[in-house]
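Each remark here refers to the structure printed beneath this line.
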Amino acid sequence: MRIDEELCERWHHDIREVGKWLGRVCEGWIKSFAVPGSSRFIRGFARRLQRLWMRALRRRSQRARFGWKRLERMTELLWPRSSIRHPWPDQRFAVRHPR
């Protein structure tokens, strides 16, 4: 909901600027929640951001000239790749002490 409100505030900003901002939002979310087994949710979050952005772009004018192919290209260029960033817990917490 906050992202949607922020998109409304950035209504007249440059498209690339808003795309870079959404890329930083996506990057922060991925850094926090990209644990093994959550790739479906990561893709879902990125897709939800795309839908919100598309809706905001299409509402900017009376003619919806912005297509999905163009949006896909822009997100590939401006957004990070969605991938798992954290290791499995057994690897992350496997600490060996010299005893």
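The values are calculated or read from the model by the stated rules, or taken from the named source; none is laboratory data. Since we're looking at a predicted model, the values are computed, not measured. Glycine also receives a Cβ, built like all others from the backbone with ideal geometry; neighbour counts cover every protein chain displayed. Each accessible area value is taken on the protein alone, full model and side chains, heavy atoms only, with ligands, DNA and RNA left out. Shrake-Rupley method; radii C 1.70, N 1.55, O 1.52, S 1.80 Å.
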**Complete:** Most packed first (mean Cβ within 10 Å per residue), the peptides 1-8, 68-75 order as 68-75, 1-8
**Request:** Any chance you could run the full-extension gain for R73 through R2? It's 0.36 nm times the residue separation minus the Cα-Cα distance, nm to one decimal.
**Result:** 23.1 nm
**Message:** Per residue, how much accessible surface does the chain expose to a 1.4 Å probe? Answer in Å², no decimals.
**Reply:** 78
**Prompt:** Stretched out fully, how many nm does the piece from W88 to S61 gain, at 0.36 nm a residue minus the Cα gap?
**Reply:** 5.1 nm
**Request:** Would you calculate a helix-derived [θ] at 222 nm for the chain, using -39,500 (n - 2.57) for each DSSP H run of n ≥ 4 and dividing by the full residue count, to the nearest 500?
**Result:** -19500 deg cm²/dmol
**Asked** Which option, (1) 18.5, 61; (2) 17.3, 71; (3) 14.9, 41, is the value of Rg and Dmax of the Cα atoms in Å that was calculated from these coordinates?
**Response** (2)
**Message:** Can you give me the % of accessible surface on the chain that is carbon or sulfur? Probe 1.4 Å, all protein chains present, nothing else counted.
**Reply:** 50
**Asked** Of the peptides 47-53, 33-39, how do they stack up when ordered by the mean number of other Cβ atoms within 10 Å, highest first?
**Response** 47-53, 33-39
**Request:** May I ask for the net charge around R48, where only other residues with Cβ less than 12 Å from the Cβ of R48 are counted and Lys, Arg are +1 while Asp, Glu are -1?
**Result:** +3
**Complete:** S38 and H12 label points (each 7 Å along its Cα→Cβ direction) are spaced in nm at 3.8
**Asked** Roughly how many whole Å is it from the C-alpha centroid of the range 4-53 to that of the range 55-75?
**Response** 15
